[in-house]
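These notes concern the structure reproduced below.
The values are calculated or read from the model by the stated rules, or taken from the named source; none is laboratory data. Note that the structure is predicted; figures quoted are calculated from it, not measured. Note: ideal-geometry Cβ built from the backbone for every residue, glycine included; neighbour counts use all protein chains shown.
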Amino acid sequence: MKPPCLNQNSRKKQLAGIVWSLSLLPTCSSLTIVCMLKGFHDRRTIVFLAAPDTQIVDVTGPFQIFVRASEIFLRDHPTARPPYRVLLASTTSSKTVSTNCGIGLQGHVMYRSLRGEIDTLLVAGGSGLDIAAKNKHLLGWLRTRATKARRFGSICTGAFLLAAAGLLEGKKVTTHWKWVNELASRCKNSTIDPDPIFIRDGKLYTTAGITAGMDLALALVEEDLGAQLAVRVAREMVLYLRRPGGQSQFSAALSLQSSDRRPIADLHAWILENLSRDLSVEVLAKRCAMSPRNFARVFRDETGVTPYKFVEGARVEAARRRLEESEDALDRMAITCGFGSADSLRRSFVRVLKVSPSDYRAGFAGRREVA
């Protein structure tokens, strides 16, 4: 019996030969086959496209996630090829990309010089994107490359360059909360969701501000190399494992502190110190010397959320900290944080953070083990 012969390149012939040889071994497990083929996967090219005055963490944070994933993979498979080839491409005629914090990043290539297939194309955010969006050649290149890539997307305000290239049409997307309204005004045919830390729509991925790019990178690594390796990347980089994309990018405490009205702003410390008490609209309104109806209206105008949603968010944030720092049972935690019952705590936790308390605690348990 002869092994199959393919009229293609030698790499595919070699791969086919291994599969044929293994098929002759009745005791050969699927795991063995997978392990023997590890060295024959196609390396994926991940490209970060950055304009001058980019946000440095938009690039370096997720960039390091992919690099670390390759390092861990190679520890387990020393004879294999790295799963990722990670490149920084500039939008200008210089390989160096300036950042808005004054540090220059030495890129690998100018976008015009980039050759070969791109598996994943991600546009970093930054204040230089408005100028980049006027470059018609760049926009045409971006449209072509994004269409051909397996997946593409943006980090933070990188969504604006995708929008200029017409790549957000009819899509559901997100960006940094500060720029949501501006993006919505430019993308009339897109659905802009201000809440999640990242969104997937088909092969398009968009993220909220800055560190959300690292959450997206972890999710992409999990797609490619599995959850176990993604866990190891998160632990080594001391990150919470892959915050779910639907998790909110807003902080209840920050929304209240931003109020210009002193009575509303003063509620912040009082609410946080009294989470286990009755925090109904009537109680909070009396605290601010307002009628319940007027208080509810003013509160929403000042913070962008209803009093109920704010209190729920504050209680969830308190519960989240306790899950990270203690081994308290959910019943006890529910009482001290003002939920009344463990079931109520679970419902609110999932509604606000899109993850269960047990899954959240498990993620931080892994971090404590590594530390």
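Some notes on this structure:
- Identity of the residue in the stretch 168-178, surrounded by fewer than 22 Cβ atoms within 10 Å (Cβ to Cβ) and modelled with pLDDT of 95 or more, that ends up nearest to the chain's Cα centre (by Cα): LYS172
- Residues of the stretch 91-144 classified as surrounded by fewer than 19 Cβ atoms within 10 Å (Cβ to Cβ), touching a residue at least 12 places away in the same chain (Cβ under 8 Å) and of a type in the set (Ser, Thr, Tyr), total: 3
- Criterion: within 12 Å of THR54 (Cβ to Cβ) and either basic (Lys, Arg) or assigned to a strand (DSSP E or B) (or both) - qualifying residue of LEU105, LEU161, LEU87: LEU105
- Residues in the stretch 40-77 that are out of contact with any helix residue (DSSP H, G or I) (no Cβ under 7 Å at 6 or more places or on another chain), in a loop (DSSP other than H, G, I, E, B) and at pLDDT 95 or above: PRO52, ASP53.
- Residues (loosely packed, with under 15 Cβ neighbours inside 10 Å and closer than 19 Å to ILE271 by Cα) located in the stretch 318-331: ARG321
- Reported count of residues in the stretch 108-123, each being part of a loop (DSSP other than H, G, I, E, B) and farther than 22 Å from ASP224 by Cα, is 3.
- Within the stretch 144-162, the set of residues being polar (S, T, N, Q) and under 11 Å from LEU121 (Cβ atoms) comprises THR144, THR147, SER154.
- In summary, LEU275 fulfils each of the numbered conditions (1) part of a helix (DSSP H, G or I); (2) under 29 Å from LEU239 (Cβ atoms) with the single exception of condition (1).
- Residue match in the stretch 215-232 (condition: within 30 Å of PRO82 (Cα to Cα), surrounded by fewer than 21 Cβ atoms within 10 Å (Cβ to Cβ), free of Cβ contacts under 8 Å to residues at least 12 places away in the same chain and small (Gly, Ala, Ser)): yes
- Some residue of the stretch 147-157 being assigned by TED's automatic domain parsing to the domain that holds THR207, over 19 Å from ILE56 (Cα atoms) and under 17 Å from the mean Cα position of the chain (by Cα): yes
- SER113 being farther than 22 Å from ALA163 by Cβ, hydroxyl-bearing (Ser, Thr, Tyr) and touching a strand residue (DSSP E or B) at 6+ places or on another chain (Cβ under 6 Å): no
- Residue within the stretch 326-342 that is in the same structural domain as TRP270 (by TED's automatic domain parsing), closer than 28 Å to LYS178 by Cβ and assigned to a helix (DSSP H, G or I) present: no
- Subset of the stretch 53-90 (residues that are buried (at least 20 other Cβ atoms within 10 Å of the Cβ) and closer than 15 Å to LEU114 by Cα): VAL86, LEU88, ALA89, SER90
- Test result for THR147, in a loop (DSSP other than H, G, I, E, B) and out of contact with any Asp or Glu (no Cβ under 7 Å at 6 or more places or on another chain): no
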